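Enquirer: Quick one: the structure is below, questions incoming.
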């Protein structure tokens, strides 16, 4: 796996957060899938996926693997990328024909869900833009929309200054700017020291991106723990945040939002008490971007996530109470 991390960083300039698949997630798989592969959870280009490395004792065929990965995606909800130490050219061709993602370090990288096909000798197909906003692009857009004073805090900063201001890295900002530009939400000004300008008012951009289905759910997954992690301050989210913006009564279940890198750090340090996917006193929502960056745009310093991200995290709910609360958010608190 160290070779995978190095390879992706060298050829794509991307950092990858990689760790063994959590037991709670792995237990959702049948025994032959749990035992047939080494499973890893990864964060790549602001997206979650699974890496599957076949154990040496197994000799699964490509058709079997295609079926296996489909089962895993249906159970866990994440795309699967097969990892090989080496792979014959004809097998790589068969994987591509079936649109099955795979990585052979120093040889080939094929990930159709990420619109990437990088072959030997560094020949790459043209990279397509994602159909939706990347998490960092969405964070930038929401920051601008939530700035009701229209101070245009993001529009007079260089990309490097934007990265520092948003607690991100310059490469992620560059990708986010390209993504926003592709969707015609901003224009880029300047030559050497570039900056951005948004193509409309906040309310217009919010309506437009909703109608075009460009916005993503900021929540990657939900994990239950018995105690709130020590030493950090987390924002209320989900039903714990709705009372701040609507007439909805507080929920008995407490929900807290945690940025993905912070979550993985807590997990690595065994700071999550009895973490599981079923129940616990605290429900941690693992977020694609840092929700605290957007809190500073709110008129008061409440310990809750911003209303736009809250709306996006719950808009697919079938609970009538939540639907009514979301309507109140749009009508009362956003505009």
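Enquirer: Efficiency by 1/(1 + (r/R0)^6): what FRET value for residue 323 and residue 63, r their Cβ-Cβ distance, R0 = 35 Å, to the nearest 0.05?
Expert: 0.25
Enquirer: Okay, moving on. For 147, 226, which order do you get if you count the other beta carbons within 10 Å of each Cβ and list the fewest first? If you can, show how the numbers build up before the last one.
Expert: Working: 147 17, 226 13.
Ordered from fewest to most neighbouring Cβ atoms within 10 Å, 147, 226 come out as 226, 147.
Enquirer: Just to verify a number: FRET efficiency for residue 247 and residue 87, C-beta to C-beta distance, R0 = 51 Å, to 0.05?
Expert: My answer for the efficiency is 0.30.
Enquirer: Pop a pseudo-label 7 angstrom from the Cα along the beta-carbon direction at both residue 152 and residue 10 and give the gap in nm to one decimal.
Expert: 4.5 nm
Enquirer: Ratio of Rg to Rh for region 126-252, alpha carbon only, Kirkwood?
Expert: 1.02
Enquirer: On a C-alpha basis, how far is the centre of region 306-333 from the centre of region 16-90 in Å? Whole number, if you could?
Expert: For region 306-333 versus region 16-90, the Cα centre distance is 35 Å.
Enquirer: Kindly state, to the nearest 0.05, the FRET efficiency for residue 178 paired with residue 99, given R0 = 22 Å and r defined as their beta-carbon distance.
Expert: 0.35
Enquirer: In the Gaussian network model of the chain, springs joining C-alpha atoms below 10 Å, which of 134, 59, 209 carries the largest mean-square fluctuation?
Expert: So, out of 134, 59, 209, the one fluctuating most is 59.
Enquirer: Using only the alpha-carbon atoms of region 219-334 as identical scatterers, what base-10 log of I(q)/I(0) does the Debye formula give at q = 0.22 Å⁻¹?
Expert: Log10 I(q)/I(0), no solvent term: -1.29.
Enquirer: A further question on this structure: Fewest Cβ neighbours within 10 Å first, please rank 188, 104 accordingly. List each step's numbers first, then the result.
Expert: Numbers: 188 14, 104 21.
Neighbour counts put them in this order, fewest first: 188, 104.
Enquirer: Take every Cα pair under 8 Å in region 2-120 that's 6+ residues apart, average their separations, divide by the length, and report that relative contact order as a whole percent.
Expert: Relative contact order, region 2-120: 18 percent.
Enquirer: Can I ask one more? Could you compute how fast region 2-120 diffuses translationally, taking Rh as the Kirkwood radius over C-alpha pairs and applying Stokes-Einstein at 37 °C with viscosity 0.692 mPa s? Give it in µm² per second.
Expert: Value of D from the Cα-based Kirkwood radius: 226 µm²/s.
Enquirer: Express the relative contact order of the chain as a whole percentage, based on alpha carbon pairs under 8 Å and six or more residues apart in sequence.
Expert: Numbers: 499 pairs, mean separation 41.3, N = 335.
Computed value for the chain: 12 percent relative contact order.
Enquirer: Most mobile of 191, 316, 247 per a Gaussian network model of the chain (Cα springs, under 10 Å)?
Expert: Its mean-square fluctuation being the largest, the pick is 191.
Enquirer: Take every Cα pair under 8 Å in region 135-211 that's 6+ residues apart, average their separations, divide by the length, and report that relative contact order as a whole percent.
Expert: Details: 71 pairs, mean separation 24.0, N = 77.
Once normalised by length, the contact order is 31 percent.
Enquirer: At 7 Å along the Cα-to-beta-carbon direction for both residue 199 and residue 23, put a label point, then send me their distance in nm to one decimal.
Expert: Taking the two extended label points, one gets 5.1 nm.
Enquirer: May I ask for the angle, rounded to the nearest 10°, between helix 135-146 and the longest principal axis of the chain, with both axes built from Cα atoms and the value confined to 0 to 90°?
Expert: With rounding to tens, the tilt is 10 degrees.
Only the coordinates and a few stated rules stand behind these numbers; no lab work does. Not measured: the values here are computed from a predicted model. So basically every Cβ, Gly included, is an ideal-geometry build from the backbone, and we count neighbours across all protein chains shown.
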